[in-house]
Structures are given as structure tokens and as C-alpha cells.
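Presented below is the structure to which this report refers.
The values are calculated or read from the model by the stated rules, or taken from the named source; none is laboratory data. Since the model is a prediction, treat every value here as computed from it, not as a measurement. FYI the Cβ positions are ideal-geometry reconstructions off the backbone, even for glycines, and counts take in every protein chain you see.
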Amino acid sequence: MPAYPPSQDPKDLSPRRVAIPDGTELWRCHLTAYRPGDFNPLPAHPHFGGGRFDGTDADPYTSLYVGDEPVTALAEVLLRGMEFTNGSRLVPRAMTERRSLSRLCTVEPLQLIALETEEDLAAVGQDGWLVEADGRADYPQTRCWAQALRRSAPWAQGMTWQSHRCRPRRAFVLFGDRCGPGAVSITPLVTHDLGTAAGRSVANQLLSGLKAAIVPPDGEAQRWSASDV
């Protein structure tokens with residue numbers, strides 16, 4: 001990890017730009033109680049909890065985390081810190097009972113900061129730590145870097161990086177204060193409730209290539225075993 005804070009001078013950072021066109025399909029694993037396209041309106045605490053690139057009171061933007069494929073969205077949420085046991089990873093059902101997997105679609109081109117390659121990261125004075133740090137103890141620092149990158153790139157509507165839980169697929173965060181009110185659409189609605197047998201079945205098919213699965217309730221257990229992963 002580069003053990004230093006980002007420069008406060010925006011001119012010291014040179015983020016690379018990448019565009020995603022309108023009509024780009026994105027996927028989100030989200031709390032079922034919220035609509036798939038809702039941005040998280042709550043800023044993270046400056047030191048505790050929160051996500052990798054959330055806004056804070058110092059820069060209180062709303063955020064939306066998505067993946068380029070449904071398996072990416074699942075892996076980014078469900079496989080954090082998940083270790084292999086006997087060659088597979090079993091996701092506790094409690095992690096998924098209130099979550100859904102939903103499709104989004106961009107309705108306008110979006111300009112993003114690219115953090116996908118070593119060259120992209122070097123352009124902003126960083127390395128893989130910025131997009132791979134798993135420990136929540138690091139997130140206050142990655143959020144600080146996100147705010148510095150936003151200052152250096154006022155054109156940026158979000159950022160994209162290679163998901164280290166689902167390489168080489170892409171993960172994204174969109175900035176609510178810089179995306180138009182209709183930047184993403186949920187029409188036609190495609191969503192899978194992971195709290196249902198049907199939703200778990202879809203998720204487990206997607207996760208099978210990653211040797212992972214959601215543990216089913218007892219009623220489904222007789223039709224499933226760890227060897228299916």
C-alpha cells in the first residue's frame with residue numbers, strides 16, 4: 001500500500017478517462033427494500049463502516065455500485081473475505097435473504113475515471129491497493145483517495161476498476177451528484193429475489209464457476225450439496 005495521503009492539489013493527479021455508452025447493461029446486488037436504481041443517499045462515517053468509494057460529510061455525494069455482469073455484482077457483495085473450505089465457498093443464507101440481483105441500463109453516455117490497469121493506477125499515483133484492499137480499516141483511506149480523484153476530474157461521473165473478486169470483469173461506482181436524474185433505467189425490470197428458492201437457483205448457477213453457492217434452507221437441502229458447487 002502506498003502509505004501516503006493523496007495530494008490536495010488536483011493538478012498532481014492525472015486520471016485517465018473511459019466512457020461507457022448509453023444502453024450499457026449493468027447489474028446490482030442490493031437490498032430488496034430499495035429500488036434497483038436508487039443511489040445510496042447516506043454518506044459514510046469518515047472512519048467506520050461504509051464502502052470503498054463512498055461519499056462522506058467532507059464530500060457528500062450519493063453512490064451506486066454495479067458490475068458489468070450479474071456474476072460480478074454477486075461476487076462483489078457476497079464473496080468479500082469469503083475463504084474456500086474443501087474447495088468451495090458457501091455463502092450464509094442470512095447474507096442474501098434481504099437482497100436481490102437486478103439489471104440496470106445506462107440511458108446516457110457516462111464518463112468514468114479508469115482504474116483498471118497498472119498504467120491507470122500509476123496515472124493517479126496509486127497501485128492495486130486502491131481497488132483491492134479488503135479490510136474495512138483501509139476504506140477511510142480509499143474514500144479519501146476517491147475524493148481527491150473527484151477534485152482532479154470534475155468531468156468524472158464515476159469510476160471503474162477490475163473486480164478482484166471476479167477478474168477480469170469490471171466493477172463501477174457512479175456518482176449521484178454528477179449523473180443525470182435518469183442516468184440509469186430499470187426498464188424492463190429484471191430482478192431476482194435472493195430470498196426465494198428461484199432467486200437462489202439463479203444466483204447459484206452464476207456463482208458455480210467461482211466455486212461458490214448460497215446455503216439453502218433445510219427444505220431445499222435434500223436437492224443440494226456442497227459437491228454441486
Practice task
Could you grab me the full set of residues in the stretch 69-80 that are part of a loop (DSSP other than H, G, I, E, B) and either without any contact (Cβ under 8 Å) to a residue 40 or more places away in the chain or buried (at least 17 other Cβ atoms within 10 Å of the Cβ) (or both)?
Solution key: LEU79
Exercise for the section: Kindly establish whether ALA197 is at pLDDT below 95 and either farther than 24 Å from ARG52 by Cα or of a type in the set (D, E, K, R) (or both). Expected result: no
Handout entry: Selection count, the stretch 115-141, where residues are of a type in the set (S, T, N, Q) and either under 16 Å from the mean Cα position of the chain (by Cα) or more than 20 Å from PRO168 (Cβ to Cβ) (or both)
Key = 1
Practice task
Tell me, please, whether a residue that is within 30 Å of GLY23 (Cβ to Cβ), outside any strand (DSSP E or B), under 11 Å from the mean Cα position of the chain (by Cα) and of a type outside the set (Gly, Ala, Ser) can be found in the stretch 60-68.
Solution key: yes
Exercise for the section: Tell me, please, whether a residue that is of a type in the set (Asp, Glu) and within 20 Å of ARG178 (Cα to Cα) can be found in the stretch 8-19. Expected result: no
Problem - Looking only at the stretch 194-207, and only at residues there that are surrounded by fewer than 19 Cβ atoms within 10 Å (Cβ to Cβ) and touching a residue at least 12 places away in the same chain (Cβ under 8 Å), the one that is nearest to ASP218 (Cα to Cα) - result: ALA197
Problem - In the stretch 148-164, the residues that are in contact (Cβ under 8 Å) with a residue 40 or more places away in the chain, in a loop (DSSP other than H, G, I, E, B) and under 12 Å from ARG52 (Cβ atoms) - result: SER163
Exercise for the section: Test ARG35 against the stated conditions and say whether it is touching a residue at least 24 places away in the same chain (Cβ under 8 Å), buried (at least 17 other Cβ atoms within 10 Å of the Cβ) and assigned to a loop (DSSP other than H, G, I, E, B). Expected result: no
Handout entry: One residue from ARG150, ARG136, ARG223 being modelled with pLDDT of 95 or more and of a type in the set (Lys, Arg)
Key = ARG150
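One line per residue, one yes/no per condition, for (1) farther than 23 Å from THR24 by Cβ; (2) surrounded by fewer than 16 Cβ atoms within 10 Å (Cβ to Cβ); (3) among the aromatic types (Phe, Trp, Tyr); (4) in contact with a His (Cβ under 7 Å, 6 or more places away or on another chain):
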position	(1), (2), (3), (4)
LEU112	no, no, no, no
GLU116	no, no, no, no
VAL124	yes, no, no, no
GLY128	yes, yes, no, no
ASP134	yes, yes, no, no
ALA146	no, no, no, no
ARG150	no, no, no, no
ALA153	no, no, no, no
